[in-house]
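Below is one structure, written out as structure tokens, with a few remarks after it.
The values are calculated or read from the model by the stated rules, or taken from the named source; none is laboratory data. Since this is a predicted model, take the numbers as computed values, not measurements. Cβ: placed from backbone, ideal geometry, glycine included. Neighbour counts: every protein chain shown.
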Amino acid sequence: MNAIELRGHLEEEMTWRLDEVRFLKNQLGNISGYEDKKRYRKSLIVMLYSHFEGFCKASFLMYVQAINNESIERARLNTRLVAASLSEEFRALRNKDKKSKIFKNDLPNDEKLHEYARQVDLLESLDDFMKKVAQIPEAIVDTESNLKPVVLRKILYRLGFRHDVFSAHEGAIQMLLHHRNHVAHGARVQGMDEDQYLEVEKSVRYLMTEIVELVFYALINEEFLKSS
């Protein structure tokens, strides 16, 4: 998938989600009572959050898949993506069990030396690891079922982006999450005014558009490579 194709998929993903939100919002025209409209907007907030989280996850997974499809050696990738592609090796490094599919050397009998021996084994095998084609696991894009600003920062950092690229909009993300959690957990009993809802929706639309641009330009400029 090249950058142009990726952008098409990203925009298609964004469009169908926003179309669904728009369809649900249009049903407000069939509701006459002011308080009923306010209650209905509570449901819209839950759907808006679901589509925002789903869009973020889908978009970043497309980016991961696009990189994996390039079949790039680890040595050519930027360091954070290398670390992500070595997640299995790092798990084996932390595992003090003598058996490992990755580290083949015999370990000393002294259990206290197991971890140190694995570290030595890693260093001795590092050149081979770096020559292998990287496969970044999808688990790197973990929204933790609660896409707080700090969770989004984690994902951005792991993918090699500036972790604070959306810092100016974290207030909007937190506001969306706050409304969604209050509705989902039953803590918010009152409805939502139109202006308040439209403010949240506007922020979500803006962030979705910014994510499309972020991922597209990262791929077209090959920011996933070490030289970038």
Is region 50-69 home to any residue that is hydroxyl-bearing (S, T, Y) and either touching a Pro at 6+ places or on another chain (Cβ under 9 Å) or more than 27 Å from N2 (Cβ to Cβ) (or both)?
-> yes
Whichever residue in region 185-228 is under 21 Å from L152 (Cβ atoms) and among the polar types (S, T, N, Q) and, among such residues, is surrounded by the most Cβ atoms within 10 Å (Cβ to Cβ) = S203
What is the number of the single condition among (1) crowded, with 19+ Cβ neighbours inside 10 Å; (2) assigned to a helix (DSSP H, G or I); (3) in contact with a Ser or Thr (Cβ under 9 Å, 6 or more places away or on another chain) that V151 does not meet?
-> (1)
Looking only at region 1-34, and only at residues there that are of a type in the set (K, R) and crowded, with 16+ Cβ neighbours inside 10 Å, the one that is farthest from N69 (Cα to Cα) | K25
Could you count how many residues in region 187-212 are under 27 Å from E11 (Cα atoms) and out of contact with any Lys or Arg (no Cβ under 9 Å at 6 or more places or on another chain)?
-> 13
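Results for (1) surrounded by 15 or more Cβ atoms within 10 Å (Cβ to Cβ); (2) closer than 22 Å to L147 by Cβ; (3) at pLDDT 85 or above; (4) not hydrophobic (A, V, I, L, M, F, W, C), shown as yes or no for each residue.
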position	(1), (2), (3), (4)
Y40	yes, no, yes, yes
M47	yes, yes, yes, no
M62	yes, yes, yes, no
A75	no, no, yes, no
N78	yes, no, yes, yes
D106	no, no, no, yes
D110	no, no, no, yes
R118	yes, no, no, yes
L122	yes, no, no, no
From the list K131, K148, K202, which residue is more than 30 Å from R39 (Cα to Cα) and of a type in the set (K, R)?
-> K131
Single match in E194, E199 (criterion: over 29 Å from L81 (Cβ atoms), touching a Leu at 6+ places or on another chain (Cβ under 9 Å) and of a type in the set (D, E, K, R)) = E194
Would you pick out the residues in region 155-184 that are among the basic types (K, R) and surrounded by fewer than 16 Cβ atoms within 10 Å (Cβ to Cβ)?
-> R162
Can you name every residue in region 162-187 that is over 16 Å from the mean Cα position of the chain (by Cα) and not in a helix (DSSP H, G or I)?
-> H185, G186, A187
Which pairs do you get when a residue that is at pLDDT 95 or above and in a helix (DSSP H, G or I), found in region 10-24, comes within reach of a residue that is surrounded by fewer than 15 Cβ atoms within 10 Å (Cβ to Cβ) and of a type in the set (G, A, S), reach meaning Cβ atoms under 7 angstrom, with the pair 6+ apart or on two chains?
-> R17/G54
On the given criteria, is L207 in the same structural domain as M62 (by TED's automatic domain parsing) and touching a helix residue (DSSP H, G or I) at 6+ places or on another chain (Cβ under 9 Å)?
-> yes
Inter-residue pairs, beta-carbon under 8 Å, first within 14 Å of S43 (Cβ to Cβ) and in region 177-194, second modelled with pLDDT under 75 and surrounded by 15 or more Cβ atoms within 10 Å (Cβ to Cβ), 6+ apart | H179/R188; H182/R188
